[in-house]
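J.: Take a look at the following structure, please.
The values are calculated or read from the model by the stated rules, or taken from the named source; none is laboratory data. What you see is a predicted model; the values in this text were computed from it and never measured. Cβ: placed from backbone, ideal geometry, glycine included. Neighbour counts: every protein chain shown. In case anyone asks, the SASA skips ligands and DNA or RNA and just uses the protein heavy atoms, side chains included. Shrake-Rupley method; radii C 1.70, N 1.55, O 1.52, S 1.80 Å.
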Amino acid sequence: EKKQSELVIHESEEKFRNIFESFQDIYYRTNLHGIITMMSPSGFEQSGYTESEIIGKHISRFYEYPKKVSSVIRELLKTQKVKNFEANLVLKDGTVIQCISNMRLIYNTRGKVIAVDGVARDITYLKKASEELFNAKEIAEKSLKVKESFLANMSHEIRTPMNGIIGVIDLLNDTLLNQHQKVYVQTVKRSSETLMNILNDILDLSKIEAGKMHMKLTCIGLEDVIEKLHALFYQQAFSKQIDFTYDIDKDVPPYIMADETRLLQVMANLTSNAIKFTEQGHVKIHASVVSSHKKTKVFKVAISDTGIGIPKDKLNMLFEDFSQVDTTITKTYSGTGLGLAISKELTKLMNGQIGVETNFGQGSTFWFTFEADESKKSIDAASRKPVWDDNIKFDAQVLLVDDNQVNLFVAERILEKAGCTVVTATNGEEAIKKAQDKNFDLILMDIQMPKMDGITATKAIKELLKKKTPPIIAMTAYAMKEDQEKFINSGMNDYISKPISADNLLIKIQEWLGKKKQVTVKSTKDTKAHETEIINGNVVNNLLKLADKESIIHIYGDFETELKDSLKETAAFLAKGELEEIQKILHTLKGSAGTLGVSKVENKVREIEQNLKQNIYFELESELKTLGTYAKEFYKSYKDFLIQL
C-alpha cells in the first residue's frame, strides 16, 4: 500500500511537471517581499535570462515601471487577487513586451499567507493588431467623411448648372415653337434628364454604402405601383413591338406598408433593362407572395423577357458597381452599370434578395423579393402625390435669393407665371436688407452664396423679424438627406432640391401659402366632367409638355391599334368563355387608356374589370358592346381633337 501510494504521488508529480514545463504563458512565484522563488521554463525562454539571473531577484526589476508593480502588490495584499493587470516586461536584450497578468495569494494549511503566484501572457502582437485595426478604422472613417464631402460638393456643383438647363428648357417648351424647334427642345430635355438620372444613381449608391439610405414606409397598393410602372414603360415597349403585360396573384393583399419610391426604383431598373435588351418579343411582370408570417409577407416580383439573354460566364458581373456585360468599344447598349448594383443594395434594405435566371439568346428573368407588412387601411387620399393645377395662381409677395443668375431667371419666371410678385437678392446680406423693407409671404433661400450664406442670413432675418418672419424654404443644389436635416435644424421651414421643376416648386409654395393666397383662373378649355369626356384635355396638355404634337398624334394612333386588337381578343375569349383572359386584357387596356386620358374608355374598362373581380358576369356582353361604342367615338374624334390643340 505504501509503495502504491508512492507511485500515485510520483505519477501526479510527473503529470504536473509536464504541464508546468509545457506552459506557453509565464508562471512565477514570489515570497511576500516580491523575491522570485520559482518560474516556469517558458519564463526563461521568453525573457532570455538564465535561472540564476531571475531566481532570488525582486520582481519589479524586470518591469519597465517598477513603481506600478509595487502598487499592484500592495493591492494584492488587500484584495487577495488581482486580475488582468497590464504591464510592460523588459527582456534581457532590452526589448519591451506588453503582458497581461493574474496574481493571487497562496496560503499554508494553517491559513497563513506564505507566497504570491501569477501568470503573465504576452499580448504584444494582440495589442499591435488592435492598434492597427483602430488606425484602419480611423482612416476608413476619415476616408468616408472625405467621400461624403466630395459627393455633396459634386452634387452641388453639377446640380447648379443643371437647374439652369432644365429650368430654361421647361420655360422654352411653353413658348410658341415650330415642329423642328419642339423636337430640338425635347431632345435637350431628354438628354438633361438622362444626365440627372446618372447623377442620382451615383448619389444613391454612395448613400447606401455610407449607411445613409433609409426606407420610408407608407401604405401603398402593390397593384397601383405596378400599374404606374406599366404606364411608364408602355409606349417604350410598344415602339419596339414588345408585348408588355403584367400579372398579380390573387393572394397579394391590396395594401402593404412599403417604400413606394424605392420599390418602383428597383422595378423600373429591371423593366428598363428587359425592354432595352428585347426586340419584338414580350416582357412580363409577375407579382406573388412566397411566404407569410402573421402580418409580414415576403413578396416576389419577377420581370421576364425574350431578349438576348446573358452568357453564363458574365453572370458574376451583373450586380457589381459600374460593371457591364458588354464593355467593348462596339457595344450596342449604353448605361452606367449602376442600376443592378443599386437594386441589389435596395433589396437588402427591404430584407430581400435579387437574382436572375437566363438562357443566352433566349431571354432572362430578373427577380427580387422584399418584406412588407399587410395593411388593412386604404391609401389616404392626402398621402397621394399632389399634381399641380395650371389654373391656380398666387397673389403673393416672394423674396427669391440666389447668387446664380441663371437660377434666378428660371425661378423668377416660374413664380411670375404662377401670379407671384418676385423680388430678387443675390447674397445673404442683400436678402436681410430686402426682407426688412417689405412684408413677404415667402422667402426662397439658396444656401451657398458669397458674402453671406443662406443659413446665416436665415438666422439674421428670424432675429430681426421675429414672429413676422415668413416661411423660409431652402432652395439648394445640396441633395443628401443629412443636408436637408441640417437646413431644417438651422431654422429653415422646408427644403427643395435643385434642379427645380416648375410643378415641384409651385406645389411646395402651395403647401406653405395655402388657399389664402390662391386665385383660381377659369380654364379657357371645355371643362366637362372627366368621366364623360372622350379625351381628357388636361392629360393631353401634360403630354404635350413631354413631346411634340406630331409624336403625340402618333402615340394615340398606336393606342387606336391596341384598342382595336384588345376588343377583337375580348370578343374571341368571350365566345370561348375564358373570362380570366378578358380580365387580363382589360387590366392592361385600363392602364394605357388612363395614361393617355381616354376617359370614357378608361372608366368603362375599369367598371367591367371591377364586375369581373366580383364575379358579376351577366351584363358582360352588353358592357363590352358599350365599350366598343366608346372606342368608335374615340376613333372618329381623337385626330381632330389633337390637331385643334
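J.: Quick query: amide H of Asp243 versus all other amide H atoms, modeled in the peptide plane; which residues come in under 5 Å with a sequence gap of 5 or more or a different chain?
T.: For Asp243, whose amide H was placed from the backbone, the distant partners under 5 Å are Gly281, His282, Val283.
J.: Measure up Lys92/Lys128; Lys250/Lys639; Lys498/Lys604; Lys300/Lys625 against 31 Å on the Cα-Cα distance and list the ones that go over. It would help to have the intermediate numbers written out before the result.
T.: On the way: Lys92/Lys128 21 Å; Lys250/Lys639 39 Å; Lys498/Lys604 41 Å; Lys300/Lys625 37 Å.
Too far apart for the 31 Å limit: Lys250/Lys639; Lys498/Lys604; Lys300/Lys625.
J.: Let me ask something else about it. Short version: ³J(HN,Hα) in whole Hz for each residue of region 586-592, in order, from phi by Karplus 6.51 cos²θ - 1.76 cosθ + 1.60 (θ = phi - 60°), x for Gly and Pro, what are they?
T.: For region 586-592, the Karplus-derived couplings read 5, 4, 5, 5, 4, x, 5 Hz, x marking Gly and Pro.
J.: Rounded to whole Hz and in sequence order, give me ³J(HN,Hα) for region 429-437 from the Karplus expression 6.51 cos²θ - 1.76 cosθ + 1.60, θ = phi - 60°, writing x for Gly and Pro.
T.: 4, 5, 5, 4, 4, 6, 5, 7, 7
J.: Which distance in Å, rounded to a whole number, links the C-alpha centroids of region 39-86 and region 606-633?
T.: 95 Å
J.: Taking all protein chains as present, what is the carbon and sulfur share of the accessible area of region 248-303, in % to the nearest whole number, probe 1.4 Å?
T.: 51 percent
J.: Taking the Cα centre of region 212-282 as origin, sum charge times position over the Cβ atoms of Lys and Arg (+1) and Asp and Glu (-1), and report the length of that vector in debye to the nearest 20.
T.: Dipole size: approximately 400 debye.
J.: OK, next. Calculate, in nm to one decimal, what Lys284 and Ile507 gain on full extension: separation in residues at 0.36 nm each, minus their alpha carbon distance.
T.: Full extension of this stretch gives 76.8 nm more.
J.: Now for a separate question. Need the full-extension length gain, Asn31 to Phe618, defined as separation in residues times 0.36 nm minus the C-alpha distance. One decimal, nm.
T.: The Asn31-Phe618 span can extend by a further 200.8 nm.
J.: Can you give me the orientation-averaged projected area of the convex hull built on the Cα atoms of region 1-121, in nm²?
T.: Computing the convex hull of the Cα atoms and averaging its projections yields 8.7 nm².
J.: To the nearest 20 Debye, how big is the dipole of region 1-84 about its Cα centre, given +1 on the beta carbon of each Lys and Arg and -1 on that of each Asp and Glu?
T.: Details: 13 positive and 12 negative charges, 131 e Å.
The dipole magnitude comes to about 620 debye.
J.: Of Lys216/Lys276; Lys216/Lys344; Lys78/Lys127; Lys433/Lys462, which sit over 21 Å apart, Cα to Cα?
T.: Lys216/Lys276; Lys78/Lys127
J.: Where a ≥ b ≥ c are the square roots of the eigenvalues of the C-alpha gyration tensor, would you call region 557-645 rounded, which needs a/c under 1.5, or, failing that, prolate if a/b is larger than b/c, or oblate?
T.: Note, shape of region 557-645 comes out prolate.
J.: For Ala572, what charge total do you get from the other residues with a beta carbon under 12 Å from its beta carbon, if Lys and Arg give +1 and Asp and Glu give -1?
T.: Details: positive: Lys568, Lys576; negative: Asp565, Glu569, Glu578, Glu581.
That works out to -2.
J.: ³J(HN,Hα) across region 573-579 via Karplus (A = 6.51, B = -1.76, C = 1.60, θ = phi - 60°), whole Hz, x for Gly/Pro?
T.: 5, 5, 5, 8, x, 8, 6
J.: Lys468: net charge of surrounding residues, Cβ under 15 Å, Lys/Arg +1, Asp/Glu -1, itself excluded?
T.: Details: positive: Lys434, Lys438, Lys462, Lys466, Lys467; negative: Asp437, Asp441, Glu463.
My count for the surroundings of Lys468 gives +2.
J.: I've got another one for you. Quick one: which residues, 5+ away or cross-chain, put their amide H under 5 Å from the amide H of Thr218? H built at 1.01 Å from N.
T.: Ala258, Asp259, Glu260
J.: Amide H of Ala372 versus every other amide H placed in the peptide plane: which residues, excluding those fewer than 5 positions away on the same chain, fall under 5 Å?
T.: Residues meeting the criterion, in which the H sits 1.01 Å from N, are Lys297, Phe299.
J.: Could you do me a favour and compute the accessible area per residue for region 25-82, 1.4 Å probe, result in Å²?
T.: Per-residue value: 58 Å².
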